[in-house]
Amino acid sequence: MKTLFLCAAESLRSCALTVAMALLLFIASARMSLPAQESATHTGVSPSAASPLGHRPWANPALPSAKRAQLLLQQMTLDEKIAMVHGVTPIPVHGYVGYVPPNTRLGIPALTLADGRAAVGNGAKDITLLPAPIAAASAWDVDLMNAFGRVLGQEQWIKGTNVALAPSIDVVRIPEWGRTFESYGEDPYFNARMAVAEIKGIQSQGPIADANMYLSMNQEDNRLKEDSRVDERTLQEIYLPPFAAAIRQAHVDTIMCAYVKTNGVYSCENDYLLNKVLRKQLGFDGWVMSDWGATHSTVDSANHGLDQEMPDSRYFGDKLKAAVQSGQVSQEVLDAHVLHILLPMFQHGLFERPNPGSWSANARNPERDAFSREVAEAGTVLLKNAHGILPLRTSAHVAIIGAAGTAQPKVEGEGSSQANAPYVISPLEGIRNRLGINGNTKVSFEDGSDLGKAADIASHADVAIVFVSTEDGEGSDRPNLELPGNQDALINSVTAVNQNTIVVLDTGGPVLMPWINRVAGVIEAWYPGQEDGNAIAAILYGDVDPSAKLPLTFPRSAEAIPTSRKEQWPGVNGRSIYNEGLNVGYRWYDATNTQPLFPFGFGLSYTTFSISHLAIKPLRPSRSADAISRRFAVRVDVTNTGTREGAEVVQIYVKHPLADGEPPHQLRAFAKVELKPGETKTAIMALDPESFMTYNTPTHRWMRRAGTYEILAGTSSRDLPLAKTISIPLK
């Protein structure tokens with residue numbers, strides 16, 4: 001994200017937009033009608049405790065945040081306004097990746113920005129390395145994701161950060177995407193649920209969260225110039241929902257515009273995306289910052305919705321000042337940009353509650369170390385368990401094979417997500433810790449660099465566990481879906497001598513498995529963070545029952561994917577054509593009747609479950625005149641039919657009337673249910689009005705068609721045994 005790529009400015013043109021300012025004033029007037037305690041609720045400061053200076057009326061926390069921002073703006077000079085809308089380099093404070101200096105005359109605190117999808121990044125020390133977000137999302141547990149955000153927010157705040165550059169909420173379009181591990185998966189509804197939970201967690205601890213990268217940032221190859229060609233309906237239905245939820249439900253206060261172009265226009269000067277969609281359609285009242293070096297112009301960027309250039313002032317420094325003075329950018333547009341930044345700062349209490357942390361502070365504690373392990377355990381997906389080979393017997397002689405299991409554990413992705421782990425428990429170490437001192441137990445190991453040696457130790461073991469990994473990261477996509485290096489050959493060598501072979505995948509996304517029929521077990525552990533070995537040992541030996549589910553599809557072959565053609569990815573002549581349309585991820589497999597290797601939502605357990613008694617009930621009277629706003633309660637009974645405690649994820653999919661032109665079915669609700677052996681519980685979920693709506697391109701509006709909708713319940717996108725229909729009447 002922070003690779004600096006500064007392109008030449010495009011030609012300036014005279015145009016001054018007032019839409020953003022008018023919208024902001026409307027929002028401000030609405031906020032001013034709130035009770036005076038509004039600001040105190042956000043800041044934790046009692047109005048009675050406030051004693052603002054007479055010449056700083058905006059310092060009064062009893063006033064609404066919008067009013068305070070307006071009062072402050074009125075006192076700012078042109079130079080002071082310009083100083084708010086860009087970062088500075090070199091950064092005078094050690095550690096942070098972005099910095100806006102304080103304004104001591106007016107009492108405006110500095111903005112300190114730091115990376116961190118799974119930990120505080122940018123070289124920070126004494127922090128907790130959590131598993132990758134894709135691992136946390138695989139738990140299908142919004143409470144866990146909220147706690148994930150709280151831990152990130154806590155540690156960012158301790159480090160003095162007041163703007164946390166997380167989370168990444170883009171929908172995964174191509175399985176080779178280098179930043180799949182930073183996101184949550186391939187479904188817009190699922191990503192929206194996770195984004196809301198994590199953002200609320202981060203912002204509850206003090207920092208302002210930043211939802212990135214907006215929009216159509218679905219590949220790393222040629223990302224600085226690539227043009228994502230995507231139709232309006234697909235953009236609205238597939239790629240926008242996580243950002244819409246982040247704004248409307250989580251009240252995220254910053255959004256980062258991406259490097260890529262969308263339909264021919266760079267993200268950070270795209271009037272449709274920034275002004276028409278973010279401001280007008282979604283009502284976003286926070287600020288839009290550029291990705292590092294993603295600003296390409298002064299006038300177009302300012303007039304088309306960019307509020308803040310990062311990390312420096314190439315376009316939004318002296319050039320923007322000159323553009324305002326010449327009238328190419330109106331004073332009203334500049335004022336709107338400044339208000340977009342000031343409003344969240346007041347809402348989050350940054351004026352009353354200066355961050356007491358520092359980059360050198362120690363953010364670690366035992367509770368957060370334990371939480372890292374909890375997330376790794378909860379996010380580990382059991383994909384295959386032939387003949388009940390797992391959980392392992394403690395008496396079994398195991399051979400640990402592969403660099404990821406021994407000498408070089410793969411615990412995190414590369415790029416701006418990379419962080420300094422305080423320690424890393426390797427799988428070999430974790431298994432030894434789990435077994436303790438046992439004279440009857442043997443653990444042998446080999447890093448896999450010599451296939452002959454690996455086969456030799458595997459042949460003498462009861463069970464061989466092969467750890468393999470991918471090197472995913474920012475800046476480039478994986479060239480293909482194969483395991484890199486000799487890892488497929490390593491697995492083949494081991495399976496040739498030991499049929500009790502288990503493969504553990506430490507990967508950022510899906511991989512091909514040409515050896516799938518020759519192994520007894522497969523586990524997807526993702527990038528599991530600092531507690532890697534302890535977490536995988538707990539899964540392998542059954543201390544924890546696996547309950548995670550895949551948030552994306554694993555294909556059978558490189559050709560059997562939605563984006564197998566070159567014009568789709570990596571693109572031709574600088575264009576990536578989104579001609580799969582709405583059929584992203586599992587939608588494509590269902591629409592084309594293509595069998596995946598492992599479907600979206602799939603995951604095994606050491607116990608077994610059954611679901612029954614699907615029931616659907618309107619939450620509004622059936623004769624309500626407002627059919628558009630009707631919600632439905634969905635109930636499903638879940639029974640643990642096995643012999644040990646475990647958890648199942650019930651998934652609800654909606655099939656639209658054929659005339660809507662939607663994919664065969666789409667996820668619209670889910671719930672995780674924990675059950676003791678023999679226990680039955682009822683999972684209760686809600687289908688909101690959005691579950692039945694589609695985007696109408698000719699009218700540029702969302703609509704819901706009257707007709708019959710099918711509601712399907714199951715445990716993956718390909719296992720939906722229960723179904724009922726409901727009728728939606730005309731409004």
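Data for the structure
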{"quantity": "Qualifying positions in the stretch 676-701 - touching a helix residue (DSSP H, G or I) at 6+ places or on another chain (Cβ under 7 Å) and not polar (S, T, N, Q)", "calculated": "PRO689, TYR695"}
{"quantity": "Residues of the stretch 186-209 satisfying the condition of being of a type outside the set (Phe, Trp, Tyr), in a helix (DSSP H, G or I) and out of contact with any His (no Cβ under 9 Å at 6 or more places or on another chain)", "calculated": "PRO188, ASN191, ALA192, ARG193, MET194, ALA195, VAL196, ALA197, GLU198, GLY201, ILE202"}
{"quantity": "Residue selected from the stretch 700-718 under the condition polar (S, T, N, Q) and in contact (Cβ under 8 Å) with a residue 60 or more places away in the chain, by the criterion nearest to GLU690 (Cα to Cα)", "calculated": "SER717"}
{"quantity": "Qualifying residue in the stretch 254-268 (condition: over 28 Å from TYR96 (Cα atoms) and in a helix (DSSP H, G or I))", "calculated": "no"}
{"quantity": "Scan of the stretch 89-100 for residues that are surrounded by fewer than 16 Cβ atoms within 10 Å (Cβ to Cβ) and either on the phi > 0 side of the Ramachandran plot or not polar (S, T, N, Q) (or both), ordered by number", "calculated": "PRO90, PRO92, VAL93, HIS94"}
{"quantity": "Options ILE536, ILE502, ILE516, ILE577: the member that is of a type in the set (A, V, I, L, M), surrounded by fewer than 17 Cβ atoms within 10 Å (Cβ to Cβ), out of contact with any His (no Cβ under 8 Å at 6 or more places or on another chain) and on the phi < 0 side of the Ramachandran plot", "calculated": "ILE516"}
{"quantity": "Subset of the stretch 69-87 (residues that are in contact with an Asp or Glu (Cβ under 7 Å, 6 or more places away or on another chain) and among the hydrophobic types (A, V, I, L, M, F, W, C))", "calculated": "LEU73, VAL85"}
{"quantity": "Restricting the stretch 321-349 to residues that are more than 18 Å from ASP271 (Cα to Cα) and in a loop (DSSP other than H, G, I, E, B), the residue that is nearest to the chain's Cα centre (by Cα)", "calculated": "HIS348"}
{"quantity": "Subset tally (residues that are in contact (Cβ under 8 Å) with a residue 12 or more places away in the chain and surrounded by fewer than 23 Cβ atoms within 10 Å (Cβ to Cβ)) for the stretch 65-85", "calculated": "12"}
{"quantity": "The stretch 440-455: number of residues that are touching a residue at least 24 places away in the same chain (Cβ under 8 Å) and of a type in the set (Asp, Glu)", "calculated": "2"}
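No lab work stands behind these numbers, since they all come straight from the coordinates. Keep in mind the model is a prediction, meaning the values are calculated, not measured. Quick reminder, even Gly has a Cβ in these numbers, built from the backbone with ideal geometry, and neighbours come from all protein chains shown.
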